[in-house]
Ligand code: ADP
Ligand code: MG
């Protein structure tokens, strides 16, 4: 008999069998350092290997587990070498496609063998196909038993296999069950009873290892009571941390800036346009915030093109006139540079120092910028997150502006404030986003912020004309591209997210760019996707801006703020697969100049009813808020749309859309806990957000 040493959940993962230094490092990368972290590293989806789907019954877009006999395996040469393997099960055939493969792998897929595989079915050039499926060649007849339970899938990192993670989780669950007092129940009993929620330990067991009789569909949809129990606790922790953050900040002191009497009137006078009413309103609110000794924490939501940058400039001027420094942070180098150019143009004539700081700068220039920030002089510093690296010290930071907030999390926001802290004074903070967030969600996800909406576009904005077209009319669209480019205009071609895998999205973009370049020989075609290095991406965007590229094939990396007014046509391929808000964001890239612009939403036939309705909303509306609300309304259960596009913080189990019904109750519970169980509050926050708080470096 072997005697297992009893571990505690607080022990480092290295006490588990099979965990050496290398594995420990990998686990650390995904936030796992002690055994308990494994328990809270929850499956983000499940694979159903409890049943096989007949190939003849497959539908594209679905994830399926299939089995068939290999009929043919061949390497196809051409622009992109790929290994194709055709399999059949008597009900139909499907092709497995590999872009990356070894000789051994090719040899292993011999004709006549039976293979079982799992993956997302997509439409290939000639038949249905699965790209890079997970697969296993069956060795003999006995090898074909199906699994009895759903297989959990954990988020992972390079070189860390799912099987490994599952083994480790098994050990963590054993540790938990050996001594259940190891993990404290933090939800007060009255709440558990009232909500009819399972205990924490039962929920964790269930979610990590669903029993054979589990309700498969409810688990896959994330609506199982065990998942809801965990989501409840996570949302509660999130809510508590926001409320605490808000309370802390509301108590702190910030410098109060007098209303501007010089710079702002001069600036407004010099602008080539008049402010819209919405801009003026937003600025007035901000001006009065900045005039107080309590830190401003304000989120400005305004549709793409509503002129948020001008509002940011107004806020900056008030801080500058009061003798303070301003930091303006953008999510990418390119956007930072765009802002820098604008601010130079606007503020230099007023005698204001504007500096630029990104990771790309030469050391000597960087040092120079850093030393300028250390002088106690008013200056506007524009840059990427490099603005807040350790070597940068603002001597008198009064205002932080964050553009396109959805790339930054709540806790990064907090970290920024701390960096800007001087003698227990905090800078004011202004956050700008073009992503419309439905009200129900702002109440919770942004509970720490005040809100202002810019609900008006500058006059004479040319509306983008949107059409919805089947991909069977691709040729017409190609003609249109030729025509537009011949007129000296530029075009975006956006490739869709075929599935969650970014790799596949990039493959699609690469293929599309190649095909288009083949057909459109006289047009300069460029390609940009998420797997390119940051500097490669920037170079391509710069070429597009400089009109050295006429047709830019892109994945969704172009989503945020880049301004190329000469681009007047955008084709969005497989538009039915995008979230509406995301489509709206993408479409906002065109219609920025004087010329009439067109957006073509291209879909794959046949188009379902829901998808039809959604595209129709896009065709008929250009109101970001309306679109966001409709998106939420139409999003039926099981409709897979990331919460990320709505700007939500990453969560472990909860999904703000799916679990929205829990929110009102959670808000009440949060208040009860703060009032009656303050001891539990810290523990809950630590349990769910501990890591992200510790590592909240920007
Ligand atoms: P966003 O809100 O998407 O960040 P920008 O601030 O980039 O929008 O503004 C988009 C364009 O509209 C810019 O070229 C800007 O100069 C222009 N603009 C801003 N405000 C006005 C206004 N009141 N009237 C006319 N044009 C404006
Ligand atoms: Mg902007």
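The values are calculated or read from the model by the stated rules, or taken from the named source; none is laboratory data. Only a predicted model underlies this, so the values are computations on that prediction, with no experimental measurement involved. When we count neighbours, we look across all protein chains shown, and the Cβ atoms used for this are built from the backbone with ideal geometry, even at glycine.
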Practice task
May I ask you to list the residues in the stretch 411-436 that are within 16 Å of ligand 2 (Cβ to nearest atom), in contact with a helix residue (DSSP H, G or I) (Cβ under 6 Å, 6 or more places away or on another chain) and either at pLDDT below 75 or not in a strand (DSSP E or B) (or both)?
Solution key: 435, 436
Completion exercise
Those residues of the stretch 56-78 which are closer than 24 Å to residue 145 by Cβ and without any contact (Cβ under 8 Å) to a residue 40 or more places away in the chain amount to 56, 57
Exercise for the section: Mind counting the residues in the stretch 104-134 that are modelled with pLDDT of 90 or more, more than 25 Å from residue 48 (Cα to Cα) and assigned to a loop (DSSP other than H, G, I, E, B)? Expected result: 3
Exercise for the section: Scan 259, 290, 297 and give me the residue that is more than 16 Å from ligand 1 (Cβ to nearest atom), in contact with a strand residue (DSSP E or B) (Cβ under 6 Å, 6 or more places away or on another chain) and modelled with pLDDT of 95 or more. Expected result: 290
Handout entry: Conditions (1) more than 16 Å from ligand 1 (Cβ to nearest atom); (2) under 33 Å from the mean Cα position of the chain (by Cα); (3) free of Cβ contacts under 8 Å to residues at least 12 places away in the same chain: number failed by residue 238
Key = (3)
Handout entry: Conditions (1) in contact with a strand residue (DSSP E or B) (Cβ under 9 Å, 6 or more places away or on another chain); (2) modelled with pLDDT of 80 or more; (3) more than 16 Å from ligand 2 (Cβ to nearest atom): number failed by residue 578
Key = (2)
Practice task
With the checklist (1) farther than 30 Å from residue 128 by Cβ; (2) surrounded by 17 or more Cβ atoms within 10 Å (Cβ to Cβ); (3) modelled with pLDDT of 85 or more in hand, flag the one item residue 495 doesn't pass.
Solution key: (1)
Exercise for the section: Test residue 53 against the criterion of being in the same structural domain as residue 129 (by TED's automatic domain parsing) and either surrounded by fewer than 19 Cβ atoms within 10 Å (Cβ to Cβ) or not in a strand (DSSP E or B) (or both), and give yes or no. Expected result: no
Handout entry: Scan of the stretch 287-309 for residues that are within 16 Å of ligand 2 (Cβ to nearest atom) and either not in a strand (DSSP E or B) or not assigned by TED's automatic domain parsing to the domain that holds residue 430 (or both), ordered by number
Key = 303, 304, 305, 306, 307, 308, 309
Practice task
Within the stretch 336-346, track down each residue that is crowded, with 20+ Cβ neighbours inside 10 Å and farther than 16 Å from residue 538 by Cα.
Solution key: 343, 346
Exercise for the section: State whether the residues of the stretch 375-397 include one that is under 24 Å from residue 282 (Cα atoms), within 27 Å of the chain's Cα centre (by Cα) and surrounded by fewer than 20 Cβ atoms within 10 Å (Cβ to Cβ). Expected result: no
Practice task
Confirm whether residue 138 is touching a helix residue (DSSP H, G or I) at 6+ places or on another chain (Cβ under 9 Å), assigned by TED's automatic domain parsing to the domain that holds residue 113, in contact (Cβ under 8 Å) with a residue 12 or more places away in the chain and surrounded by 12 or more Cβ atoms within 10 Å (Cβ to Cβ).
Solution key: yes
Handout entry: residue 371 being surrounded by fewer than 17 Cβ atoms within 10 Å (Cβ to Cβ) and either within 16 Å of ligand 1 (Cβ to nearest atom) or in a helix (DSSP H, G or I) (or both)
Key = yes
Practice task
Could you tell me whether residue 336 is touching a residue at least 60 places away in the same chain (Cβ under 8 Å) and within 31 Å of the chain's Cα centre (by Cα)?
Solution key: no
Handout entry: Answer residue from the stretch 310-328, given it is in a helix (DSSP H, G or I) and either farther than 21 Å from residue 433 by Cβ or more than 12 Å from ligand 2 (Cβ to nearest atom) (or both) and is farthest from the chain's Cα centre (by Cα) among those
Key = 321
